[in-house]
Amino acid sequence: MSISPSTPGSSAYLDALSQAIEKKLQRALANSSQIRNLLQELFADIALEVDDRARDLIFSKQDTVSSAQDGSDGQLCFFDMLADYYVWVPESGKPILDLIIQLWSQSFASHIFALLFHKWLFEVQLDNSEVLLRYSSALVQGATNVFWIDSQTNTRRFQSLFHYLLEEVALEKTRLNRIPVQVQRDMYLLLSRFILFYNSDDKLQSFLKQCPVFPNAFLVGGSADIFVIELADQLQKLKVEPVLLHYLSNIKVLQGMELRMATSTRLKTCLYSFTSPGGPMYPTRVVRHAAWDALDFLFPVGQFPRHLISLFFRLLYPWYWPSSCWNFVISCIQSVCNYLLGLFLTIWEKIARPKRS
């Protein structure tokens, strides 16, 4: 969704927001002991969802309705509006950008830069290659940080930023070629790690075709191999159960993908590590079952030997026997109940059918 300051009221409101951001950055620059806290507060402020009062001030009635319909899950955050505003009115964002540069090495500076200037970076003309490299690298670093915040809290607050980087940058050569090749590679790796998290697997084939050239491609493989390697590394870093389950349920889109043997083995090993209780992953029972489902779906060959080997190793740990036996009994009871219920419904339908006729 693109938002334009179509009315004087909306322009005045966005300008006031910019001035408030500028003042907070100046305070952070003047108070070295409070830099982290002030930048963290500013980051939280611009990541907030726009409330109804602010919507009424910025949009007309028609715009308000369309923004609610076109937004990502109906969610519109302050950084979404400001990112568009700094494209249309770049002079309003220049003082803020200058202050962020002075705070470049501080925590949350890259977060704020990525949220506010991710569109500006691809719309302005920067002739200085060093400045362009610095800005684009900060964008990837900041985007990485905010996407991790989403994954650790199982939210999609920064989904609009991800969709812009994927659909408007990675899949658009004209914008992608504005940044250095090395940053293009970093962005490709970043998007590979989160494309399933933000439910963009329908863009996967197009995304793989836009893969930049990597210097170690001869050793690593093609675009699919690079994507799967990053995805496997991402899975091993995840600790939030709902997010991990989301990945494991969506990873089935990899079926039929042509991978090198080393890449295929790496993915198989990653999934297999989630199928056993205990270290190093300590997966819950529901995660173990989801990992088994994904593993059997993607690698049906050798399914029986894998389960047999897993059962053998489970027998080596007697302290897992009681819970395993209990879950087995519960599963059997549920299966029998479901079978009897289905049988009863079938018989009832056969008895009721003649009466209806």
Checklist entry - What order do you get for 172-181, 269-278, 115-124 when each peptide is scored by the mean count of other beta carbon atoms within 10 Å, highest first? => result 115-124, 269-278, 172-181
Checklist entry - Which value does Rg/Rh take for region 185-319 over its C-alpha atoms, Rh per Kirkwood? => result 0.99
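Please give the length that would be gained between Tyr272 and Gln141 if that part of the chain were fully extended, namely 0.36 nm times their separation in residues minus their C-alpha to C-alpha distance (nm, one decimal). Before the final figure, lay out each step's value.
Working: separation 131, 0.36 × 131 = 47.16 nm, distance 3.06 nm.
Going from the current span to full extension adds 44.1 nm.
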Checklist entry - Cα to Cα, under 14 Å, and not fewer than 8 places away if on the same chain: which aspartates and glutamates meet these conditions relative to Lys239? => result Asp150
Checklist outcome for this item: Rounded to the nearest 10 degrees, the helix 61-70 long axis (Cα) sits at an angle to the longest Cα principal axis of the chain of 40 degrees
Checklist entry - What FRET efficiency, computed as 1/(1 + (r/R0)^6) with R0 = 56 Å and r the Cβ-Cβ distance, is obtained for Gln334 and Ser206, rounded to the nearest 0.05? => result 0.85
Checklist entry - On full extension of the chain, what length is gained from Val253 through Phe297, given 0.36 nm per residue of separation minus the C-alpha to C-alpha distance? => result 14.8 nm
Checklist outcome for this item: With +1 at each Lys and Arg Cβ and -1 at each Asp and Glu Cβ, the charge dipole magnitude of the chain around its Cα centre, to the nearest 20 debye, comes out at 1500 debye
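Give me the one-decimal Kirkwood hydrodynamic radius in Å for the chain, with the sum taken over alpha-carbon pairs.
23.7 Å
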Checklist outcome for this item: Candidate cut points under chymotrypsin sites (Phe, Trp or Tyr not before Pro) in region 72-107, DSSP loop plus at most 16 other Cβ atoms within 10 Å of their own Cβ, are Trp104
Next on the checklist: Nearest 10 degrees is fine. How inclined is helix 261-272 to the longest principal axis of the chain, computing both from alpha carbons?
Outcome noted: 70 degrees
Checklist outcome for this item: Cross-link reach from Lys203 to lysines, straight Cα distance under 25 Å and at least 8 residues apart if same chain, gives Lys119, Lys173, Lys237, Lys252, Lys268
Item to check | Crossing angle, helix 35-46 versus the chain [Cα axis fit, 0-90 degrees, rounded to tens] | outcome: 80 degrees
Next on the checklist: Give me the extension gain from Val181 to Leu308: residue separation times 0.36 nm, minus the current Cα-Cα distance, reported in nm with one decimal.
Outcome noted: 41.0 nm
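Bear in mind that the values in this text are calculations on the coordinates, not laboratory data. Since the model is a prediction, treat every value here as computed from it, not as a measurement. For neighbour counting, all protein chains shown are included, and Cβ atoms are generated from backbone atoms with ideal geometry for every residue, glycine included.
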